[in-house]
Amino acid sequence: MIHVDDQLPEYLLGTLEREARLAVEHHLARCEACSAALEGLRPATEALAASVTPVAPPAGLGTRLLAYIRGEGRFADFVPELARLFDLDEASARALVAQLPQPDAWMEGPAPGVLLLPVAGGPRLEGAMAAFVKLAPGTLFPAHRHSGAEVNYVLQGGFREDSGHEVWPGERLDKAAESSHAYVALEGPDCIAASILWGVVEFAEGAS
């Protein structure tokens, strides 16, 4: 389990983006260690917030921040892990991330409402299909079986499997060969995940 202790001060100060805040709250609901750390930080954080004198931001700061949030900057922290997953150097992974906010970079996927951004992975991914997958909130990726292994690593939003298991930003879901599942994108921003698939996907009859 990836802990969220480094995000707790921002969570208490209310400065996290919505999807990050939801991910932290989801984690806190199941992690006693991070919940205890949160309560330990609360008095100092509240005192700090009370002592800060409001200052008018520089002109144009809001516009620059929005451009950063809506662009590839919000995915920068995922670049090292994406480089490992796709067997690429970090410069190549960073170039891929820069395409994510571009609508014309995406193509229709294997099911209604599912979009794909194909990725040419490194030598270790020879024979596998690699891509980013994007689903709007409420979009269902229908029931399917994997003939080979599958890896999904969430960058934004999240999804819930038909088993009830939820996967959030920074979390990875590994599925074994011959496993099957369906999943739906959770409420919030579009779900974007890096996906690597060995073998083929067989959709349940009538699912696609």
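Details
Listed here are the residues, each with its yes/no results for (1) among the aromatic types (Phe, Trp, Tyr); (2) out of contact with any Pro (no Cβ under 7 Å at 6 or more places or on another chain); (3) at pLDDT 95 or above.
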| site | (1), (2), (3) |
| --- | --- |
| 60 | no, yes, no |
| 63 | no, yes, no |
| 69 | no, yes, no |
| 72 | no, no, no |
| 78 | yes, yes, no |
| 94 | no, yes, no |
| 99 | no, yes, no |
| 104 | no, yes, no |
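- Lone qualifier among 126, 90 - being acidic (Asp, Glu) and within 16 Å of residue 75 (Cβ to Cβ): 90
- Against the test of being out of contact with any Lys or Arg (no Cβ under 6 Å at 6 or more places or on another chain), within 22 Å of residue 82 (Cβ to Cβ) and without any contact (Cβ under 8 Å) to a residue 24 or more places away in the chain, the options 107, 129 yield a single qualifying residue, 107.
- A search for C-beta distances below 6 Å between a residue of region 136-153 that is in contact (Cβ under 8 Å) with a residue 12 or more places away in the chain and farther than 19 Å from residue 187 by Cβ and any residue that is hydroxyl-bearing (Ser, Thr, Tyr) and in a strand (DSSP E or B), counting only pairs 6+ apart in sequence or on different chains, returns 145/180.
- Top-ranked residue of region 187-202 - restricted to ones that are in a loop (DSSP other than H, G, I, E, B) and touching a residue at least 60 places away in the same chain (Cβ under 8 Å), ranked as surrounded by the most Cβ atoms within 10 Å (Cβ to Cβ): 189
- Residue match in region 164-182 (condition: surrounded by fewer than 16 Cβ atoms within 10 Å (Cβ to Cβ) and within 13 Å of the chain's Cα centre (by Cα)): yes
- Considering region 160-172, the residues that are of a type in the set (Asp, Glu) and in a loop (DSSP other than H, G, I, E, B) include one that is nearest to residue 20 (Cα to Cα), namely 171.
The values are calculated or read from the model by the stated rules, or taken from the named source; none is laboratory data. These numbers come from a predicted model, not from an experiment. Ideal geometry is used to build each Cβ from the backbone, glycine not excepted, and the neighbour counts take in all protein chains shown.
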